[in-house]
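Participant: This structure is in structure tokens; I'll ask about it shortly.
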Amino acid sequence: MSYEDEDYPVDSFPKDFGYGAYDQDGLELEPNASSNSETKPRILLMGLRRSGKSSIQKVVFHKMSPNETLFLESTSKIVKDDINNSSFVQFQIWDFPGQIDFIEPTFDSDMIFGGCGALVFVIDAKDDYNEALTKFKNTVIKAYKVNPRIKFEVFIHKVDGISDDSKMESQRDIHQRSSDDLSEAGLDQIHLSFHLTSIYDHSIFEAFSKVVQKLIPQLPTLENLLNIFIPNSGIEKAFLFDVVSKIYIATDSSPVDMQAYELCCDMIDMVIDLSSIYSSEETAFDSGSSSLIKLNNNTILYMREVNKFLALVCILREENFNRQGVIDYNFICFRDAISEVFELRLKRQKQLENAEQDEDELGEDQGITIGRLNHENDTAVVSRAAKMT
Amino acid sequence: MLHSLEYAYPSTVSLRICLEGHANALALNKEHNQIAVAGRSLLKVYSIDSDGFTEVCNMRVGKNQNLSYSSNDVAWSTLDSNILATAATNGVVSVWDLSKFGRHKQLLVYNEHERTAHTVTFHSTEPNILISGSQDGTIKCFDIRSDTSVNTYFSNSESVRDVKFSPHSQNVFSAVSENGTVQLWDMRKWDKCMVQFTAHSGPIYTCDWHPTRNWLATGSRDKQIKVWNMDGRASLEYTIHTIAVVGRVKWRPERTFHIASCALVVDYSIHVWDIRRPYIPFASFNEHTNVTTDIAWQGSDSHCLLSTSKDSSLYKHAFEDATRPALSANAQGASFGRHGDISFANKIKEYTNKSSGVSNTKTTNFISRRKSNVPGNMQFHLDHSKMYMFMLKNSNMASGSDYPAHDVTTELRVHDCFIGCAKELLLSGKKLAELCEHNADISRKYGKHNATTLWNFIKLFYGTSHFEPPFEHRSSFSNQKNPMSSRRATQVASDWAPHEQGQELNGNSQETQHEAADASEDGDELGGGGKQHPPPTSSVILSETQIISEITFDNFELLRNGFIYVGPADVTKALAFPDTALHHDVQAARPQLDLKASDHEKSPPPHVPSILKVSHVPPIPMWEPHQFVADALMLQNDVGDVQTALIILIVLGEARKLLPIEDAVVEHWFHTYVDQLHRYELWNEACEVINRAWVRSVRQLNQQSTVMHTNCGECGRPLGGNVGWYCDKCKSMQSAKCCVCGLIVRGVYAWCQGCSHGGHIEHLQQYFAKHSKCPKCGHLCAFS
């Protein structure tokens, strides 16, 4: 395939720059990867050149400081990056340079869009976005034909440089025009989500969280578990974090406060950084990981490890932390429930694989089954948690 | 009416409700005499009395730990006083009947939302219809006569945070969601919303319809409350900027422009805003000690506000008790303009005499340009206000008239100045001092006073060429710090001594030199920074003895403070002890030292006898301004005047090597300046600068990108082959030959662009001295 041509003189940014291990495997390995990581959502990141895709990927998944992204070279050929070995989220980036037409026959759209959960399209808000919208329309139409279940997310990016009013204005404009485009094409039923993002604050993390959450069929269950866990433990707010990327997989249903989220992000950073100094090997984050920070406004940040990828960060008032035993017990209940949720899925998946069912049916089937089973789980957890309070 | 009478006088009534957990929401019944509060472990109804609340009903009795009871929102039927609805965190919407008993109170349970239900509300005229909004992005409509939902509206967003029926049209309700959009739905059309628009750049948490006008207020995480006019296409009417994330908003009854809001975090107060005054609340209630969760006006009574908070309390606020932040705000404002103008606004007081007196005293110094009275009744403002604008009065009338013109042309003058300087500043051709003088004049002419000073300064320092010897000295004393070598240093210093006259004279000359240096620094504006940094190298030499003696006698205090001075002589120090430290001999000082040291322990203030022999004299301390000049140039560059900085460097000639400026920086300056010149199309000046450059990459600028097209003298075709002088077309080598002598030209080939003939430059020179036409074709070549 043309875009895998390694002789191309201009290479992308250095591969060993990030923290996480890279795995730039070719397309041949693709089927394998998708089958063994079925439980993880897969996301494509597209957009015009210089719209900030590489920066987003670097900042969110490789802990690069936003200022350093200035020095990223532009990605001049299609580059595919997998982040699947360190994060709960399996993430795959396709950078599409403007000159490559993805409608060309060598482009295997079935394979690309077929296994993909969400398509994130990045639009540079500071630039003229006419071209981007055209590109976006074509992409959506193509992808929708291949895979109608795909979620379309639009990141109106680089909004740090523009004022609140023009932010709103461009969001409204982009929304209006893209919807018009789609309804012209007869695709009214496609739903687009818009996010205003910037790598210089946490909005990009939040937007990514929203994207990822849509791809997790267990989200209502996780959310319910948190909704139960929180009031029973006297906690104000809790986030279930993907440790590597600092995006939150789930949170309770109370409104997300940006500052609280940023605090939790920073806490995870701090814990990982500190423990990677003092821990023996690569296990910067393991089952023993927990951390407690007392803020000077009588608030406590409490972090506990849930599993290899996930951590729970809670914000609670200091007086409620007197009952740490209760919180810890409730947390153990919560953790068990979560592992049950994912085990169920795994079990279910194996059964289905044994039965050699069709792959396509698998996805939908799972979501429903697990959803139902977990409602029963909820009540079990509740009764255990309630005893302690 | 009874209510208003009762609450005209009394103060805020508060009641603490429930011990564990807090209320998330409250609702009033249609008579406005009962209030329902709902929370995680709480669902109670109180009746509102004149002096407090009394519990009417508790629906969370017993040990029923059903999740469906932990409510996010509660609504009271607008027509039936016995019907309540709650929305629970697990997505269950329950309908309660207060007339029933025990478990039967919970009339209906709709378990249809997949995720948390955030809000529930009853239809204003249809008693059986209620709608709920959920985190799963759906809005469901229920009829309490049926046990499943009647309709589901898919909002196509992550989550619906609030839904409200419009009081103005029967079937319309609004829904606000976390992606910042507002939707209007017609209840009968479940497939598509009527209106959808993006209202905020963050999640919207609340909305409320104006009771009389067709306005919708929305509150968002972006800390703003926006008021939308929903007639036709939604248009923004007002924006209120609050200090925290807006949690709830409620229009105040009977007051068209008042709206109450409470924050989700940070701010515990409830604010009532006048929407025409968006930056300061009209009234505030500060009773709560934690975040307020919900607010409601008691029916149509605009003086009574009920609120619940995370501090587990339920308050009834009387409007009389509210604080009025707007009243305590400073009603005066003043601001400086760009050119020293001042604008001043104040409230017009009743005592008009006094205020006019104040303004008179002010206007003695300023020319009052404009006075305008803003009529107070136009806007919300409680008071009449005045605004003054003052302009600086210029003492000089001539310049005063010139002043506004200057403002307009400032930008232009910057360009003129640059071009003028580029053309008129001399780079070479005279002595350094004269160049400096000339350039200083030019700079003054264009008003660049900094540059003028700098040029004068350069002239002072580098105009005379006395800098070579000190430069050598400096290198020979690079290792003064080493005490072992300082003895050798003494030797060297003694060797120089002959060309000084004597110790006394020497001491004086040293001092005067320093004074001179100081004076020159003082005289210069830019030298202000230089004083803070003593010159890096001083020529005062310390021998071993000196060091010891200084420590022993003079720096006794310093020594006691744990501070021993051993570094290279600091100028100020050497000046401070001019005739103690320098007058010791090695032989004489040694025994004396100990003796004196013991003496001085008794009498610390040291007194050094002047009988000691002098072994050496320090050389003249040449203060080398290189570092300082370099700093000045850097500064000049930093303030945007690379022109002066670079031209000084060029003019300095060889002396520039003394300046500690990195080559890369200089190269950068060159490129910048040449680039600037090119933009002004000053090609000649740019060329001259390039020619004067000593940086290789700059010099090469002139040799790049110059393409010369040649063509064959025989056939006129362009010569484009591998060999420049060979014509592919006519296979001739004529172009390589001189058209005067006929020989092949090696080296410079002069060439007429008109007829493509040429040859040896000296031959052509001779030829064209006599002729005017081409030797080959008779073309009228213009030889220059």
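Every read-out reported here was derived from the displayed coordinates using simple, explicitly stated rules and does not represent laboratory data. Everything numeric here is computed off the predicted structure, so don't read it as measured data. Glycine also receives a Cβ, built like all others from the backbone with ideal geometry; neighbour counts cover every protein chain displayed.
Participant: Enter the mean number of other protein chain beta carbons within 10 Å of the beta carbon of each residue in A:250-257, as an integer.
Facilitator: 5
Participant: Can you give the average number of partner chain beta-carbon atoms within 10 Å of each beta-carbon in peptide B:173-180, as a whole number? Walk me through the numbers before you get to the answer.
Facilitator: Details: counts 0, 0, 0, 0, 0, 3, 7, 6.
Across B:173-180, the average partner-chain Cβ count within 10 Å equals 2.
Participant: Which order do the peptides B:49-60, B:74-85, B:664-675 take when ranked by the mean count of other beta-carbon atoms within 10 Å per residue, highest first? Each step should come with its number before you reach the end.
Facilitator: On the way: B:49-60: 14.6, B:74-85: 21.2, B:664-675: 17.2.
By packing density, highest mean first, the sequence is B:74-85, B:664-675, B:49-60.
Participant: When the dipole is taken about the Cα centre of the stretch B:167-214, and only Lys, Arg (+1) and Asp, Glu (-1) are charged at their Cβ, what size is it in debye, to the nearest 20? Mind showing how you got there, number by number?
Facilitator: Details: 4 positive and 4 negative charges, 34 e Å.
In debye, rounded to 20, the stretch B:167-214 gives about 160.
Participant: Related question: What's the whole-number percent of alpha carbon pairs in the stretch B:709-784 lying beyond 13 angstrom?
Facilitator: Working: 1763 of 2850 pairs.
Tail of P(r) above 13 Å: 62 percent of Cα pairs.
Participant: Across the stretch A:321-334, in residue order, what do the Karplus-derived ³J(HN,Hα) couplings come to in whole Hz, using 6.51 cos²θ - 1.76 cosθ + 1.60 with θ = phi - 60° and x for Gly and Pro?
Facilitator: Each residue's phi maps through the Karplus curve to give 7, 4, 9, 5, x, 5, 4, 5, 5, 4, 5, 4, 4, 4 Hz.
Participant: What is the calculated FRET efficiency for A:ASP328 to A:THR299, with r their C-beta to C-beta distance and R₀ = 25 Å, to the nearest 0.05?
Facilitator: On the way: r = 19 Å, r/R0 = 0.74.
Efficiency for this residue pair is about 0.85.
Participant: To the nearest 20 Debye, how big is the dipole of the stretch B:709-784 about its Cα centre, given +1 on the beta carbon of each Lys and Arg and -1 on that of each Asp and Glu?
Facilitator: Details: 8 positive and 3 negative charges, 25 e Å.
Here the size comes out at about 120 debye.
Participant: Now, a different point. So, with +1 on the Cβ of K and R and -1 on the Cβ of D and E, and no other charges, what is the size of the charge dipole of the stretch B:59-143 about its Cα centre, to the nearest 20 debye?
Facilitator: Its charge dipole is roughly 440 debye.
Participant: Sequence gap at least 6, Cα distance under 8 Å: using those rules, report the relative contact order of the stretch A:126-200 to the nearest whole percent. Please list the in-between numbers first.
Facilitator: Numbers: 56 pairs, mean separation 34.3, N = 75.
In percent, rounded to a whole number, it is 46.
Participant: Further, regarding this structure: Considering only Cα-Cα distances, which of the following residue pairs are longer than 20 Å: B:LYS30/B:LYS316; B:LYS192/B:LYS250; B:LYS250/B:LYS316; A:LYS53/A:LYS158?
Facilitator: Numbers: B:LYS30/B:LYS316 17 Å; B:LYS192/B:LYS250 28 Å; B:LYS250/B:LYS316 15 Å; A:LYS53/A:LYS158 11 Å.
B:LYS192/B:LYS250, as the Cα separations exceed 20 Å there.
Participant: For the stretch A:99-253, just list the percent of Cα-Cα distances falling in each 10 Å bin from zero outward, please.
Facilitator: 10, 32, 33, 20, 5, 1
Participant: Shifting gears a bit: Ranked highest first by average number of other Cβ atoms within 10 Å, how do B:204-214, B:36-46 line up? Can you show the working numbers first?
Facilitator: Values: B:204-214: 20.3, B:36-46: 23.8.
Per-residue Cβ counts within 10 Å, averaged per peptide and sorted highest first, yield B:36-46, B:204-214.
Participant: Write out the GluC sites (Glu not before Pro) in the stretch A:205-302 meeting two conditions: DSSP loop, and at most 14 other Cβ atoms within 10 Å of their Cβ. Display every interim value, and only then the final one.
Facilitator: Numbers: sites: A:GLU206, A:GLU223, A:GLU236, A:GLU262, A:GLU281, A:GLU282; in loops: A:GLU281, A:GLU282.
Those that pass, being in a loop and sparsely packed, are A:GLU281, A:GLU282.
Participant: Still on this structure: To the nearest 0.05, how large is the calculated FRET efficiency for B:THR256 and A:SER279 if R₀ is 56 Å and r is the Cβ-Cβ distance? Please list the in-between numbers first.
Facilitator: Numbers: r = 64 Å, r/R0 = 1.14.
Given R0 = 56 Å and the Cβ-Cβ separation, E is 0.30.
Participant: Show me A:317-323, A:334-340 ranked by packing, highest mean number of other Cβ atoms within 10 Å first.
Facilitator: Working: A:317-323: 13.9, A:334-340: 19.4.
Put in order of decreasing packing, that is A:334-340, A:317-323.
Participant: Considering only C-alpha atoms, what is the centroid distance from the stretch B:732-750 to the stretch B:183-249, in Å?
Facilitator: 86
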